[in-house]
1. Would any residue of segment 49-90 have its amide N under 15 Å from a label point 7 Å out along Cα→Cβ of Leu97? List them or say none.
2. Just to confirm, what accessible area per residue do you get for segment 51-193 at 1.4 Å probe, in whole Å²?
3. So how do Ser180, Ser125 rank on accessible area, 1.4 Å probe, biggest first, that is with the largest at the start?
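The values are calculated or read from the model by the stated rules, or taken from the named source; none is laboratory data. For clarity, every value in this text was computed on a predicted model and none was experimentally measured. So basically every Cβ, Gly included, is an ideal-geometry build from the backbone, and we count neighbours across all protein chains shown. Please note that ligands, DNA and RNA were not included when accessible areas were found on the heavy atoms of the full protein model with its side chains. Shrake-Rupley method; radii C 1.70, N 1.55, O 1.52, S 1.80 Å.
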Amino acid sequence: MRLHLAIAFTSLCLFSGIAKAENLNLQEKPETTSVYLSPYAYGPGLGGLFALNDTLKAQSKAFMKLSFSQNWRLQEHLDLGLDLDWWLPGSNLGGLLNVNYVFGGEGFRPFIGAGLGFMHIDNPSYNSWGNGFGIAGEAILGAFIDLSDNTHLRIRVPFEIVGDSQMDRIAGLDIAVLFSLPTYGTKVKKLKY
């Protein structure tokens, strides 16, 4: 009796289309796509800068740079960043929007970039507030280093010119730790069969 029920059930499944066999070709490989899960990262930065012109050296030969950094991944090799900076000593405040071209893939990604923004240099030798304020431009060399799926290190060597009354110039090194949730900068493979 059980054998008859099993044969009847199998016949019903095969003829009604419930049970289907797929035609598999084991030589084909699945198509894959790579996507970034999060286009935004943010975090604190710290750096050291060295004055390159005499007027800025009169204020200080070296500055400690504190910053809040944000980064948006626009395309696989193109990033947009916004850095809000404070140079110490003094109230040297500014912000720069930068565009970076990123080389490489995962783990270690060097980049080159350029930035444009505003900066105020609080130099006592400037006789009015407007003398230390100007449009700032910067050229950047750097790299992103992945520390985990949602944390990476950004190391940069910026060269900056401030279009104030003395055309102040500065160069140095800054490091930022950028966080994102969910994963930033890690590629996920999606299989398409």
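1. The answer is 70-74, 79-84.
2. Solvent-accessible surface per residue comes out at 49 Å².
3. Largest accessible area first, the residues go Ser125, Ser180.
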